[in-house]
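One structure below.
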Amino acid sequence: MIKINNLTYGYKKGKNILRNINLEIKENETVVIMGKNGSGKSTLGKLISGILKVKRGNIFIDGLDISDKKNKEKIINEIGIVFQNPENQIIFNNIEDELSFSLDKLDKKEKEEIIKDVLKKVHMEDKTNEDLYELSLGQKQRIVISEVLAKKPKYIIFDEPTTMIDSAGKEEIHSIIKELKKEEYTIIYITNMADEMLLADRIVIIENGEVVDTILKDELINKINILVKHGIKVPLIIQIVQALKEEGIDINLNELSTEELILKIKGIAKNEK
């Protein structure tokens, strides 16, 4: 479990970016953190991952205080993070070299097995020997995800991972997230894209550096007013599900992605003909 107590953070000679954050993220839970640009959500991700140093308040990872230096190595191995731009996280040109870099303490056979496994998880198993510069941004992002997975973290933070990617690449990332959920990774997904709230078990809304609301995924239809209140666009698919509910057709949002909802609605429409 990740437990955040009274977390406040500000940069030097500036106002506080985060103010009095209290939040718990349970094991095997996928939490989507939503907020406008500048709301502090990415800063929160960097604090949880240990990239930024906690100054006021506490973050506990499985009971270990992230601020205690003696816990640093263990916590670093427990948390992986994926940023917006995959090119900022890639060091080598060759995929195998890139993935091998973080596995340098293992023998060749162990490396090969892990690389094969993580590339399969990101649907890139046929790209082992390709050069990274030949890949699309979406494919590069999937390689970054595979590199994070190779370290076998318990918690993975995705910080707006689809911002720079086309719609096809975005769907691939969403598919990977769904599969990681089934494998019981604990996922923190930071985004300002409204449709990505459907990846969540729980949506946490941050506004001006504060947690202002929390919504369970299966409560979304009944809490659209909260999204509107905080200026979050209601995804079209949610509007359609709400309209169907008003017509007596009830669809449970829980466990469904945008793509699955579309397929289900198409099925309903086909049966109505």
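The values are calculated or read from the model by the stated rules, or taken from the named source; none is laboratory data. Owing to the predicted nature of the structure, the values given are computational and were not obtained by experimental measurement. All Cβ positions, even for glycine, are placed from backbone atoms using ideal geometry, and neighbour counts span all protein chains on display. Surface accessibility is based on the protein's heavy atoms, side chains included, excluding ligands, DNA and RNA. Shrake-Rupley method; radii C 1.70, N 1.55, O 1.52, S 1.80 Å.
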Extension gain, residue 137 back to residue 246 (0.36 nm per residue minus Cα-Cα distance, nm): 35.2 nm
What percent does the relative contact order of the chain come to when contacts are Cα pairs within less than 8 Å and at least six residues apart? 24 percent
Quote to one decimal, in nm, the extra length available between residue 130 and residue 64 on full extension: 0.36 nm per residue of separation minus the C-alpha distance between them. 19.8 nm
Once both labels are modelled 7 Å past Cα along the beta-carbon direction, what's the residue 117-residue 262 spacing in nm? 3.3 nm
Grab the DSSP H runs of the chain that are 4 residues or longer, score each as -39,500 (n - 2.57), total them, divide by all residues and round the 222 nm result to the nearest 500 deg cm²/dmol. -11000 deg cm²/dmol
How much of residue 56 can a 1.4 Å solvent probe reach, expressed as accessible area in Å² and rounded to 10? 140 Å²
7 Å from Cα along Cα→Cβ at both residue 12 and residue 194: what's the point-to-point distance in nm? 4.1 nm
Globularity ratio of the chain, using Cα Rg and 2.2 N^0.38 Å: 1.06
Axial C-alpha extent at least 18 Å, average Kyte-Doolittle at least -1.0 - helices from the chain (DSSP): 137-150, 167-182, 258-272
Report the extension gain between residue 233 and residue 108 in nm, rounded to one decimal, defined as 0.36 nm multiplied by the number of residues separating them, less their alpha carbon distance. 40.1 nm
Taking GluC sites (Glu not before Pro) as exposed when in a DSSP loop with at most 16 other Cβ atoms inside 10 Å, the chain has its longest clean stretch at 28-129
Which sequence of 229, 154 reflects their accessible areas, 1.4 Å probe, from the largest down? 229, 154
Please find, in a Gaussian network model of the chain (springs between Cα atoms separated by less than 10 Å), the residue of 149, 199, 106 whose mean-square fluctuation is greatest. 106
Averaging over all projection directions, find the projected area of the Cα convex hull of segment 1-124 and quote it in nm² with one decimal place. 9.7 nm²
Within a Gaussian network of the chain (alpha carbon springs, distance under 10 Å), most fluctuating of 120, 12, 109: 12
Hey, any idea what % of the chain's accessible area is carbon plus sulfur with a 1.4 Å probe? 47 percent
